[in-house]
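The values are calculated or read from the model by the stated rules, or taken from the named source; none is laboratory data. Model, not experiment: these values are computed from the prediction. Because the Cβ atoms are built from the backbone with ideal geometry, glycine has one as well, and the counts that use them run over all protein chains shown. SASA here: full protein model, heavy atoms, side chains in, ligands and nucleic acids out. Shrake-Rupley method; radii C 1.70, N 1.55, O 1.52, S 1.80 Å.
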Amino acid sequence: MQAKPHAKILGTGRAVPEKILSNADLEKMVDTSDQWIIERTGIRTRHIAEPGTGVAQLAAAAARNALDDAGLGPQDIDLIIVGTVSGDYKFPATACLVQQQLGIEQAAAFDVSAACSGFLYSLRLGESLLRSGDFRRALIIGGEVLSSQVDWSDRNTCTLFGDGAGAAIIGPSQDESGILALHLQSDGRHAGLLINPGCGSANPPRPDNLHLHAIRMEGREVFRHAVAAMSDGLDRVLGKTGLRLEDIDLLIPHQANLRIIQAVGKKVGMPEDRVYVNVDRFGNTSAASIPMAIDEARRSGRIAPGHLVAAVTFGAGFTWAAGLIRF
Ligand code: UT7
């Protein structure tokens, strides 16, 4: 018998910048081709923020949509967590900027750095803090402007990433719907395989080292670990709940690469029509990918009340996470 969930998702929202960068645009910037990008990643377009647009603006827009969806206002939120590795500033936290933009007066606000796992890590924290009894409703956001960290002359990475934000409001569950299980894990031995080494305290910005401020990735190694870790994460949340793969209505894998998504689906034995894909339109939006997909799937009817949704993710750190949510 499954334990009744403590918290549930009350509303979701998303936001992406208007500007779309196509593979044809990238062909003019680096030595690449539409065919290579589609065959190796499945990505056709990605949304890119105008220079100077920080994550907070996208995160606040996604949050407004989520509040509308939940029928709630700023006064109903007392906790804000933003999963991001591309926050507006070193400090203050992007969550505090979201609080400012939304006019949320009484709340605790902080960021979580877990790369592509940022949303599920934040959801876990939010759920735990609600469980503590100290907070009533939390705004959980995954948002990135990774275009600000891309080396636009590096074809190994510049085709992959997109900008965006996704938000969810969570509050107490009165019924069987809600967050049934979450599993978080990390392995710091691989910290160097996916990294932006610049502009932190190890390499503070100086005129001669600004080239360090860019995403670097050992793509093949990341790929291999991503498939194994996301599949294992799904097994673990199923194990925690006693639910089976057949019970899942929709699997939402982190949208990094269509081949990774397909490999995870195949490894766990999930039919393709129950695996969500939007990487073709948004590229890899890191922490935003899962909440954007959840919102899109809800609004298009792919997720309906009563559905069991599994989300699995993997990113720099390495960090990975899986969740089971009953809508
Ligand atoms: O969100 C966090 C998690 N991130 C991920 O999950 C990403 C994981 N990795 C990947 O998605 C894939 O490894 C990539 C899409 C990054 C690369 O695909 P791949 O099939 O692993 O290619 P590769 O890195 O092994 O490169 C194959 C070839 C290389 O040429 P040589 O050395 O064989 O001559 C690359 O230089 O493809 C070349 N290449 C490109 N060619 C045209 C790499 N990028 C490009 C490009 N256009 N954009």
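Report in % the part of the accessible area of the chain that belongs to carbon and sulfur, leaving out ligands and nucleic acids; probe 1.4 Å.
50
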*For region 179-326, what is the accessible area per residue in Å² when the probe is 1.4 Å?*
42
*Taking θ as phi - 60°, what are the ³J(HN,Hα) couplings along region 125-140 by the Karplus curve (6.51, -1.76, 1.60), each to the nearest whole Hz, with x for Gly and Pro?*
5, x, 4, 5, 5, 5, 4, 5, x, 7, 10, 9, 9, 10, 9, 10
*For the chain, what is the calculated [θ] at 222 nm in deg cm²/dmol (nearest 500), taking -39500 (n - 2.57) for each run of four or more DSSP H residues and dividing by its residue count?*
-9500 deg cm²/dmol
*Cβ-derived FRET efficiency at R0 35 Å, D76 paired with A191, nearest 0.05*: 0.35
_Top positive-direction residue, dipole computed over the chain with Cβ charges, set I325, S33, A3_ = A3
*Based solely on C-alpha atoms, express the radius of gyration and the Dmax of region 7-175 in angstrom.*
17.3, 55
_Nothing charged except the Cβ atoms of Lys and Arg (+1) and of Asp and Glu (-1): what's the magnitude of the dipole of region 179-326 about its Cα centre? Round to the nearest 20 debye._
40
*asked:* As an exercise, use a Förster radius of 45 Å and the Cβ-Cβ distance of E246 and W152 to find the FRET efficiency, rounded to the nearest 0.05.
replied: 0.50
*asked:* Compute a Gaussian network model of the chain, connecting alpha carbons closer than 10 Å, and tell me which residue from D273, D208, D34 fluctuates the most.
replied: D208
*Comparing D175, D88, D151, which has the greatest mean-square fluctuation in the GNM of the chain with Cα pairs linked when under 10 Å apart?*
D175
*Once amide H atoms are built 1.01 Å from N in the peptide plane, which residues 5 or more positions from S173, or in another chain, come under 5 Å H to H?*
A7, K8
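Which value, in debye to the nearest 20, gives the size of the charge dipole of the chain about its Cα centre, when Lys and Arg are +1 and Asp and Glu are -1 at the Cβ? Please report the intermediate quantities before stating the final value.
On the way: 32 positive and 36 negative charges, 114 e Å.
Result for the chain is approximately 540 debye, rounded to the nearest 20.
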*Cα-projected label distance for E18 with R281, points at 7 Å along beta-carbon direction, nm*: 1.8
_Computed log₁₀ I(q)/I(0) - Debye formula, equal Cα scatterers, no solvent, the chain, q 0.09 Å⁻¹_ = -0.42
*Non-local amide H neighbours of S86 (under 5 Å, H modeled in plane, Pro and chain starts lacking H): which ones?*
V145
*Read phi for every residue in region 219-225 and hand back ³J(HN,Hα) as whole Hz from Karplus 6.51 cos²θ - 1.76 cosθ + 1.60, θ = phi - 60°, with x for Gly and Pro.*
x, 5, 5, 4, 3, 4, 5
_If the elastic network links every pair of Cα atoms under 10 Å, which of C158, C199, C116 fluctuates the most in the Gaussian network model of the chain?_
C199
*Considering the convex hull of the alpha carbon atoms of region 179-326, report its projected area averaged over all viewing directions, in nm², one decimal.*
9.8
*Residue pairs, from the table K8/K267; K19/K266; K240/K266; K28/K267; K90/K267, whose Cα atoms sit over 31 Å apart*: K19/K266; K28/K267; K90/K267
_Highest average packing first - 160-172, 290-302, Cβ atoms within 10 Å_ = 160-172, 290-302
_the chain: relative contact order in percent, alpha carbon pairs under 8 Å with at least 6 residues between_ = 25
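How far, in nm, would the chain grow between R274 and R40 when pulled straight, counting 0.36 nm per residue and subtracting the alpha carbon separation?
Working: separation 234, 0.36 × 234 = 84.24 nm, distance 2.19 nm.
Between R274 and R40, full extension yields 82.1 nm more.
In the chain, what percentage of the DSSP-assigned beta bridges are antiparallel, given to the nearest 5?
Of the beta bridges lying entirely in the chain, close to 70 percent run antiparallel.
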*Could you give the dipole magnitude of region 7-175 about its Cα centre, charging the beta-carbon of Lys and Arg +1 and that of Asp and Glu -1, in debye to the nearest 20?*
280
